[in-house]
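A short write-up of the structure that comes next.
The values are calculated or read from the model by the stated rules, or taken from the named source; none is laboratory data. Treat the numbers as computed from the prediction; the structure is a model and nothing was measured. Heads up, the Cβs are rebuilt from the backbone with ideal geometry, glycines too, and the neighbour counts pull from every protein chain shown. Each accessible area value is taken on the protein alone, full model and side chains, heavy atoms only, with ligands, DNA and RNA left out. Shrake-Rupley method; radii C 1.70, N 1.55, O 1.52, S 1.80 Å.
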Amino acid sequence: MTITNSYTSGDAGSGNNGPIHLRDARHAHQFFTNHNFTFAPKTKFLYHVWFEPRPEIDGNIRKFQKEMSVLVKSVDLPQFKISTETKQQYNRKKHIQTRIDYQEVNIRLHDDNLGAIRAILEEYYRHYYKDGSTSDPAYDPRDKYNEIVPKYGLDTGVKNAFFDYIKIYQLSRQEWFSYELVNPLITSWTHGDLAYEEGGGIVEHTITVAYEAVYYDSGSIGTTGEPKGFTSPETGYDLVKSPLTLSDPSIIESKSQPKLIESDTNTPSNLDPEKQFNDSFNYVPKSFLDQTAEFFNTKIPTVDTQNNPVVSKLDSAITTSEVNELTNRLNNDPEAKASFVAKALATGEGSVPLAEYNAASTDVKDIVAQDLVAKLPESTKLRQFASNVITASGKGASSLDDSSMFIKNVLNSNNDMMDGFVSGIIDNSQVQRNLI
């Protein structure tokens with residue numbers, strides 16, 4: 001018997017020709033199934049794991065390397081933990097990153113009847129630890145007065161690691177997406193457990209791996225030889241193609257199918273401090289890169305005008321003659337110029353950390369100083385620093401009143417500079433009182 005009503009078949013007032021209220025999940029269908037299931041979730045059981053030992057490592061890990069990949073029962077994908085701190089930035093909560101930690105991953109492998117996985121773990125054990133290779137006399141319970149003390153623990157003389165990397169592949173629609181664990185080190189492993197009561201249970205080995213970084217990669221299966229060992233004859237991979245075909249291949253070859261933006265591993269030149277400094281001075285001491293980034297991120301706050309907007313003059317409002325006067329006074333007063341450079345570098349206005357500048361040669365110091373002076377027309381903060389040091393030095397003006405008038409003219413041409421001046425950034429209280 002067919003059940004129909006006005007809700008499923010149409011409006012009660014218009015018979016069966018009214019609007020249909022009950023439909024399929026069209027939104028989900030259009031999003032998850034279109035373009036050959038482009039946005040459908042990946043399945044958990046399509047994966048491949050490749051263990052790559054160091055070139056000098058030999059033995060069962062080489063002989064059964066491809067079989068080991070198939071014997072992986074389950075694996076965790078990489079996990080990241082970012083340590084952050086909450087700071088007070090003038091009553092505003094500001095979160096900063098302090099470090100990144102890579103969480104250990106667990107890999108579970110079948111305990112095969114041949115014992116290949118067990119043998120590989122044994123090789124790993126003997127590679128790092130002397131305990132498994134020491135002969136029986138070394139564990140004589142009455143060895144207190146033996147003349148020769150055997151080697152134990154990490155006393156193997158081995159310097160090289162066992163694994164070069166471990167690569168985890170996710171597989172989907174003839175594509176692979178990989179996570180490469182850099183410099184993996186096993187932090188623990190277990191050989192499972194045995195029990196009479198579990199007649200249908202199977203034994204598995206579990207290893208926990210720490211790593212130093214993760215490399216992301218992706219590609220089409222088989223085009224570049226990856227995933228490694230995936231279709232190897234040693235693993236009995238089925239190479240017979242499926243007889244199932246599509247009547248319309250355009251279903252999966254749609255030109256409108258979404259594509260990922262290829263990642264660029266190169267650092268943009270405008271974000272590379274080494275390249276910036278190299279282009280400017282053709283001189284990059286290695287110790288520059290070892291300095292803390294603290295100086296580069298330090299900023300002097302300005303008055304918050306977001307709730308009380310005012311129309312301020314543009315930086316270009318300062319006249320060329322005023323900039324030239326600042327430049328001349330700095331060049332004629334070495335002490336003021338040195339103070340100006342120190343303040344600018346300490347707040348990240350230059351391309352060189354202050355400590356590196358202090359240790360540099362005279363020629364390099366001159367280049368850095370001239371570069372900062374040349375930026376006076378375009379930098380409000382540098383002009384403010386220049387005014388401060390000229391006023392504090394007491395030179396470059398005939399009297400305190402002349403210096404005050406000069407600074408007043410400069411500050412009046414720029415509201416932001418005046419705000420900073422009034423807020424107490426200039427340390428010379430006598431000049432400040434005179435101007436206010």
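Could you give every pair whose Cβ atoms fall below 8 Å, whose first residue belongs to segment 216-241 and is in contact (Cβ under 8 Å) with a residue 12 or more places away in the chain, and whose second residue is open to solvent by 80 Å² or more (accessible area, probe 1.4 Å) and aliphatic (A, V, I, L, M), counting only separations of at least 6 or pairs across chains?
Sorted first by the residue in segment 216-241, then by its partner, the pairs are SER218/LEU260; THR235/VAL70.
Collect the residues in segment 49-108 that are free of Cβ contacts under 8 Å to residues at least 60 places away in the same chain, outside any strand (DSSP E or B) and buried (at least 18 other Cβ atoms within 10 Å of the Cβ), keeping them in residue-number order.
Within segment 49-108, PHE64, MET68, LEU71 meet the criteria.
Test SER218 against the criterion of being open to solvent by less than 80 Å² (accessible area, probe 1.4 Å) and modelled with pLDDT of 95 or more, and give yes or no.
Taking the combined requirement at face value, the residue does not satisfy it.
Residues checked against (1) modelled with pLDDT under 95; (2) over 31 Å from the mean Cα position of the chain (by Cα); (3) among the polar types (S, T, N, Q):
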site	(1), (2), (3)
ASP76	no, no, no
GLN89	yes, no, yes
ARG92	yes, no, no
GLU104	no, no, no
GLU122	yes, yes, no
SER135	yes, yes, yes
ASP143	yes, yes, no
VAL149	yes, yes, no
